[in-house]
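Single-structure report; data block below.
The values are calculated or read from the model by the stated rules, or taken from the named source; none is laboratory data. Predicted model, so just to flag it, every value in this text is computed and none were measured. Using ideal geometry, Cβ is built from the backbone for each residue, glycine included, and neighbour counts are taken over all protein chains shown. Ligands, DNA and RNA are stripped out before the accessible areas are found, and what is left, the full protein with its side chains, is counted by its heavy atoms. Shrake-Rupley method; radii C 1.70, N 1.55, O 1.52, S 1.80 Å.
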Amino acid sequence: TTITENANGTFSYVDEDGSTTTVDVSNLETLTSLALNADNTNLDYVDEDGSTNQINLTAAVQNLETLTSMTQNDASATGEITYTDEDGSTSTAQVVSADANNQVTSGADGGAFFVSPVKALAKVTMTYTGAFNTYQNHTIAKQFNIATIERANEGDYNVTFTTPMPDAHYIIQLTILDCGGNCPGNSNANYDDPGITYYNQTANGFSINIGDSDNGANQKDDIDLEFMLTVFDF
């Protein structure tokens, strides 16, 4: 005997006597279908009986998962962030530590904000000329919040801030270049005891004096020498 599949959903069965029987299986099951509606908000489901059922996508998605959320407390000193999960449970995280003496604060937007105590910086280099390396000119090689550094006379410099300080009680740190026991000056004598001091401190700036005391044996002699300055306030 033989059995042959046809292209129309039927089979042809030939028995021992050569008789042909056609078996129709095309109606055994009706296929289902699922298609997106033209409005893109519903699904059309056609069942085995040919009935169409509509599924609302918005409602279906809302029932599948509850949305999570994350908020930040901008008014908090620590910039606290609150996370709410699908079950409605909350957990928090701090952007800024609440430990004492922490210099980092919370900004207006809740983010970490650092107010540096360094308010001004400068490195002033010198060029010299002549047999005894006398002053020629000075240059501000590096600076932060420094408007001008002007030479008043030999060894004296006036420093002016770009942004003034709140008051005249900021902290000044000054350093000078090590001149190896022979600092630039206006004579051929070796200078080996240079020093730097400040005076006339105001909110707008201050003055600097550089000089050599020759180990204290003679009166201080002002000299022009490379220097650096750092200003702190808090």
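Here are the numbers:
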{"read-out": "Residue tally, condition aliphatic (A, V, I, L, M), open to solvent by 50 Å² or more (accessible area, probe 1.4 Å) and within 25 Å of Cys179 (Cβ to Cβ), over region 127-163", "value": "4"}
{"read-out": "Pair list, Cβ < 7 Å and 6+ apart or interchain, from region 79-105 residues that are farther than 22 Å from Val115 by Cα to residues that are modelled with pLDDT of 85 or more and among the aromatic types (Phe, Trp, Tyr)", "value": "Thr90/Tyr83; Ser91/Tyr83"}
{"read-out": "So Val124, is it open to solvent by less than 60 Å² (accessible area, probe 1.4 Å), of a type outside the set (S, T, N, Q) and under 15 Å from the mean Cα position of the chain (by Cα)", "value": "no"}
{"read-out": "Total residues in region 150-170, condition small (Gly, Ala, Ser) and either part of a loop (DSSP other than H, G, I, E, B) or free of Cβ contacts under 8 Å to residues at least 40 places away in the same chain (or both)", "value": "2"}
{"read-out": "Residues being of a type in the set (Asp, Glu) and modelled with pLDDT of 95 or more - total across region 190-225", "value": "0"}
{"read-out": "Flag if Gly130 is within 30 Å of Ser116 (Cβ to Cβ), at pLDDT below 95 and out of contact with any Phe, Trp or Tyr (no Cβ under 9 Å at 6 or more places or on another chain)", "value": "no"}
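A quick yes/no check of all residues on (1) open to solvent by less than 80 Å² (accessible area, probe 1.4 Å); (2) under 30 Å from Ser207 (Cβ atoms); (3) among the acidic types (Asp, Glu):
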| residue | (1), (2), (3) |
| --- | --- |
| Asp87 | no, no, yes |
| Ala93 | yes, no, no |
| Asp99 | no, no, yes |
| Asn102 | yes, no, no |
| Gly107 | yes, no, no |
| Gly111 | yes, no, no |
| Ala120 | yes, yes, no |
